[in-house]
Amino acid sequence: MKRQRQLEGYKSRAFAYTILLIVALVVILLVCGWVVGGSQTILAIAVASLFIFLAAPRLSPDLVMRFYRGRKIPYSELPELHDDLEGLCRRAGLVKVPSLYLLQVPAPNALSTGGAGEAAIAVSSGSFRLLNERELVAVMAHEVAHIVHGDNKLILVTELVRQAVGTVSMLGIMVGIIASWLSPDVHIPVWIFVLLAFAPMAAFLCQRAISRLREFAADMKAVELMEDPEALVTALMKIDHHSRSMFKRLFGVEKDRDLPTLLQSHPDIGERIERLMVLAKDISPKSPVFHRRLHSRF
């Protein structure tokens, strides 16, 4: 009961903060449009935003995976992992199981694309070499959570809005400079240039904050699906250690400083692990997965 209350609390806060940030992102875009072209520009932006929301996310997951040069893993090649994925989807309420792909990438990583109707999950060859099945399933549970929450669509739309803010701001600055140069009598307040100059950074920070929140929410949903937060903790620890070790091999020094949190698309792994360990205190692993190593053929 305590664990469920904690999970619900995490999810409620993540949802509320996400809504606030989306509103802030849209307001930034509308303000930029109003400054550049008035109410008519706002109407044009609203129509364009609606078109982006309806049309942009309709990319085929298989097409996206081909872009990443992913290879679809047939059921006969890894039946146990396909069964684990099907079990996760059944618990998550997904009617259609996402296609499973392999990325020939040495770094441990996983990604998903698509929504509840049609989706795909890709796991890198580096993940198979580094993680056991229990940890791989935890990583897949995280990606299933993104699909259930519609995060792939949300992140794509917010990124497009961020780019729109940058385009409108740059256009406004250029028009203002040209107008001032051609017509010395035209006086444009300095605050307009300042607002347009800082709007893209504000939109960028909002978009990154939304991305980090969705990562936290996906962690919490993965815990619900697996009831085994320790599996995700150990997977995150291994992935973090591998990335730092690779950085040292490439550059000869320890990776002791990351980008500031505000600039990151993913939350700090230490913070993610801390939240998951709080939940792990009240849970005994119940997920029907094993510690088999699945990397031999990759």
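List the pairs from Lys11/Lys153; Lys153/Lys238; Lys153/Lys221; Lys96/Lys221; Lys72/Lys221 whose alpha-carbon separation is above 22 Å, in the order I gave them. Distance filter (> 22 Å) returns Lys153/Lys238; Lys72/Lys221.
What the phi angles of the range 117-134 give under the Karplus curve with 6.51, -1.76 and 1.60, with θ = phi - 60°, is a coupling list of x, 8, 8, 8, 10, 10, 10, 6, 4, x, 5, 5, 6, 9, 9, 8, 5, 4 Hz, glycine and proline written as x. Each Cα pair under 8 Å and six or more residues apart adds its sequence gap; the mean of these over the residue count of the range 151-218 is a relative contact order of 47 percent. Selection among Tyr68, Val95, Pro106 by position relative to the dipole of the range 63-140 gives Tyr68 as farthest towards the positive end (Cβ unit charges, Cα centre). Compute, for His146, the solvent-accessible surface of its heavy atoms (probe 1.4 Å) with the complete set of protein chains present, and express it in square angstrom to the nearest 10. About 10 Å², ignoring ligands and nucleic acids.
The values are calculated or read from the model by the stated rules, or taken from the named source; none is laboratory data. Bear in mind the structure is a predicted one, so any value in this text is a computation, not a measurement. We place every Cβ from the backbone using ideal geometry, glycine too, and count neighbours over all the protein chains shown. Calculation scope for accessible area: heavy atoms of the full protein, side chains included, ligands and nucleic acids excluded. Shrake-Rupley method; radii C 1.70, N 1.55, O 1.52, S 1.80 Å.
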